1. Looking at the stretch A:384-392, can you tell me whether even one residue there is open to solvent by less than 50 Å² (accessible area, probe 1.4 Å), in a strand (DSSP E or B) and not acidic (Asp, Glu)?
2. Quick check on my filter: what residues within the stretch B:288-298 are surrounded by 14 or more Cβ atoms within 10 Å (Cβ to Cβ) and either over 14 Å from B:Lys260 (Cβ atoms) or without any contact (Cβ under 8 Å) to a residue 24 or more places away in the chain (or both)?
3. Is one or more of the residues making up the stretch B:229-249 more than 10 Å from chain A (Cβ to nearest Cβ) and β-branched (Val, Ile, Thr)?
4. Tally the residues that are open to solvent by less than 80 Å² (accessible area, probe 1.4 Å) and assigned to a helix (DSSP H, G or I), restricting the search to the stretch A:299-311.
5. Go through the residues of the stretch A:122-134 one by one and say whether even a single one is open to solvent by less than 10 Å² (accessible area, probe 1.4 Å) and more than 19 Å from the chain's Cα centre (by Cα).
6. In the stretch A:401-426, which residues are open to solvent by less than 50 Å² (accessible area, probe 1.4 Å) and under 19 Å from A:Tyr17 (Cα atoms)?
7. Is it the case that some residue within the stretch A:204-218 is farther than 30 Å from B:Tyr446 by Cβ and not aromatic (Phe, Trp, Tyr)?
8. Can you tell me which residues in the stretch B:48-71 are over 24 Å from B:Ser426 (Cβ atoms), away from chain A (no Cβ under 14 Å) and either in contact with a helix residue (DSSP H, G or I) (Cβ under 6 Å, 6 or more places away or on another chain) or open to solvent by 10 Å² or more (accessible area, probe 1.4 Å) (or both)?
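The values are calculated or read from the model by the stated rules, or taken from the named source; none is laboratory data. Values in this document were obtained by computation on a predicted structure and should not be read as measured data. Cβ sites come from the backbone with ideal geometry, for glycine too, and all protein chains shown count toward neighbours. The accessibility values were calculated without ligands, DNA or RNA, using every heavy atom of the protein model including side chains. Shrake-Rupley method; radii C 1.70, N 1.55, O 1.52, S 1.80 Å.
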Protein chains: 2
Amino acid sequence: MASSHPKNVGILAMDIYFPPTCVKQEALEAHDGASKGKYTIGLGQDCLAFCTEVEDVISMSLTAVSSLLKKYKIDPKQIGRMEVGSETVIDKSKSIKTFLMQLFEESGNTDIEGVDSTNACYGGTAALFNCVNWVESSSWDGRYGLVICADSAVYAEGPARPTGGAAAIAILVGPDAPIAFESKFRGSHMAHAYDFYKPNLASEYPVVDGKLSQNCYLMALDSCYKVFCEKFEKLEGKPFSMAEADYFVFHSPYNKLVQKSFGRLYYDDFLRNPSFVDEAARTSLEPYKSLSGDESYNSRDLEKANQQASKKIYDTKVQPSTLIPKEVGNMYTASLYAAFASLLHNENSSLIGKRVVMFSYGSGLTATMFSFKIQEGQGPFTLSNIVTLMDVAGKLKQRVEFPPEKFVETMKLMEHRYGAKDYVTSGDCSNLPAGTFYLTKVDSMYRRFYARKDTTST
Amino acid sequence: MASSHPKNVGILAMDIYFPPTCVKQEALEAHDGASKGKYTIGLGQDCLAFCTEVEDVISMSLTAVSSLLKKYKIDPKQIGRMEVGSETVIDKSKSIKTFLMQLFEESGNTDIEGVDSTNACYGGTAALFNCVNWVESSSWDGRYGLVICADSAVYAEGPARPTGGAAAIAILVGPDAPIAFESKFRGSHMAHAYDFYKPNLASEYPVVDGKLSQNCYLMALDSCYKVFCEKFEKLEGKPFSMAEADYFVFHSPYNKLVQKSFGRLYYDDFLRNPSFVDEAARTSLEPYKSLSGDESYNSRDLEKANQQASKKIYDTKVQPSTLIPKEVGNMYTASLYAAFASLLHNENSSLIGKRVVMFSYGSGLTATMFSFKIQEGQGPFTLSNIVTLMDVAGKLKQRVEFPPEKFVETMKLMEHRYGAKDYVTSGDCSNLPAGTFYLTKVDSMYRRFYARKDTTST
């Protein structure tokens, strides 16, 4: 028997957790002896969240999942698949997903498919696609899918350190979703590259080639956009240009790259058909029309011209999605979805009927451009309910600013703790909101133990 | 518009690669000073394949994929998704999948979704489910999916070392497959456990609790079988018992566990309904009817009674799938599919019309029982063509036996090489078959370089 696909599969609900402990980029700039504006304007970042010794990628994931299940009153038995996207490796074999199964023990539900998906910052998108495909597959049993994107992004002392961050996002997946996939419009670009990777297994820090990584990102963006536009035109019978989408949300290692990326898409539109851009832009981009690909990735003048030409549309179509990435930093797999959460927070119900284009990038490299169609939703799964329950403003307000010295000290401690065994943490959860999970100890067999800060509401 | 699922999605083709370098378990037994039969009868293993310094999980994957594409004359542009299941971590961020994209460079095909799936030996099954779901999803674009299960299983000196092994399997996925998923019959069991894990990031070796791991495996088997039977009965309107399936294929860390597992299923059938087993078995299992779960996992007498009672059916329904796992060892993610490849090799076209039940297990823990319905297939994707092109007998015949001393020496060298940079391998590929990829060097930035041994046939 041929069964058919359920309709409007996508995001029913989401919640975000980021550590309340953070450091201001302005203060970090001064502490590092960097020129004024290097981090705040050069990178475009405001603040950076980080895990102290009582938090890690597992505790953040436990917090995000338990919070989502509680807020939406989801019976744990109603979850049929759970997948994690992460590049923060605490164990090379045992998945983060299996740690999260602790939250389902009491319910007796052990029939939950899914493991961890891995490729740099792209793993969350892979997990989300997998969950959506499961709902659309013949093996779907009618229950919800759950996706967790979680990472702690930390860098060795040096120019990359201010691009750190940390967060976990939990996403509930099912049919009739307010945030529905337009599954036929999808362009991927996958290739072998060494732009950012983690070959030093004993260290939490990556090997990064910043310049190469930016070029890889922009090249992948071009390639994905090309495929996306081709598929759109084939199916819709009209060309795609930026005018066809209301918002563009980007994986956000740092805000400056998001600005450059949107400028680049604008330039792509101009190359595809000059009439896609306004007259002033046509004039200002004309000199760069015949650059080769390589020349165009490396031309500072073109970069500036692109950003200038696209500035006004950027403010409308991109700016609303930049809040959390600027305030929290790079969250790796969670970055794109934190940007999307910012858009929901800022635009709320005015998004209904709108199309949002998403660009996911993971070094190494894997990238996909895809799109959502936004609807009102139903039951507890409405756009406005998601925004209310996510409470982005409240979470940003409750943060604890650390001076740069204390941030650096924490990073040093974490270097020793990474991959270590046989230690007890301070157990100090005074900075954490009620209901947050935290690490209490790692025993002599490397087994990790977590506790939960009392919830005031229960 | 509601589109419908394509029919009979499953395995169209597969190929297997294992290193030709191997050591006989009988010789290893003597070398280790173990009692005679400890490895050959106690573990039930005949031989163990391992990577020398010119091979690793990436080279094996490159070999398996290029071989499959060539043998079946698949245009690389016809691949729309590629996923890897592995627990052999060479880089904590960059996926093995991105290394494999090198094989697609010449074709210009970069629009290939998918990354790596991780949870111990289960990652391959997760990748396969993901690929099948993609074909059944609304985002499917009509192209093939490709799944790679690849691992190098190595252990520190001690009792677990003889359970090592290494292999890569490439699986082509699409509709109208000779090996089709019965997607509604599927039981999973997922939980938080520390039976086998890899928390020591700088070492390739796992932390293993052999006894706990075996109990976790058998407990997960019981739980999956229970859910599988419930779903079968609900959909088919009759109870499932072993008689409903022609073959049972198990994840195979070592053959003895496979024997125990089948015995366990037999015991489960007896407990569910004594009439499912024959009269002699009813009598011999009667004394164990009232054991608690824990008691039953730890009773040696029950274990023996189960194996004895199920021996005859084991020889028919399980034995044909044990060849490669006994000859190559534990291949982690590839183990279950190597067992399935053995079944294809041994039974060939007589499998047509048969049902095969598969049990996938990954420590930590994640497990699923699912089933295939076997058909003749069409075009190049027929059962008999798969068997011919896979050439299991030929591959087993062409192996190079190492004396135990040389195996131990290789393990020592590999300990130093794991996670290292800035070295050149011997480049000696004299032991490798034509067309095999091998590692030539790792540069000062940890970048890995591979070459391919000339194919005689081109």
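1. Within the stretch A:384-392, not a single residue is open to solvent by less than 50 Å² (accessible area, probe 1.4 Å), in a strand (DSSP E or B) and not acidic (Asp, Glu).
2. Selection gives B:Tyr288, B:Leu291.
3. To start, the set of residues in the stretch B:229-249 that are more than 10 Å from chain A (Cβ to nearest Cβ) comprises B:229, B:232-249.
Of the ones still in play, those that are also β-branched (Val, Ile, Thr) are B:249.
Yes, that holds for at least one residue.
4. Of all residues in the stretch A:299-311, those open to solvent by less than 80 Å² (accessible area, probe 1.4 Å) come to A:299, A:302-303, A:305-307, A:309-310.
Next cut, assigned to a helix (DSSP H, G or I) only: A:302-303, A:305-307, A:309-310.
Matching residues across the stretch A:299-311 total 7.
5. At the first step, the residues of the stretch A:122-134 found to be open to solvent by less than 10 Å² (accessible area, probe 1.4 Å) are A:122-134.
Among the residues that remain, those that are also more than 19 Å from the chain's Cα centre (by Cα) are: A:133-134.
Yes, some residue in the stretch A:122-134 is open to solvent by less than 10 Å² (accessible area, probe 1.4 Å) and more than 19 Å from the chain's Cα centre (by Cα).
6. A:Phe402
7. no
8. Of all residues in the stretch B:48-71, those over 24 Å from B:Ser426 (Cβ atoms) come to B:65, B:68-71.
Applying the additional criterion that residues be away from chain A (no Cβ under 14 Å) yields B:68-71.
Those that are over 24 Å from B:Ser426 (Cβ atoms), away from chain A (no Cβ under 14 Å) and either in contact with a helix residue (DSSP H, G or I) (Cβ under 6 Å, 6 or more places away or on another chain) or open to solvent by 10 Å² or more (accessible area, probe 1.4 Å) (or both): B:Leu69, B:Lys70, B:Lys71.
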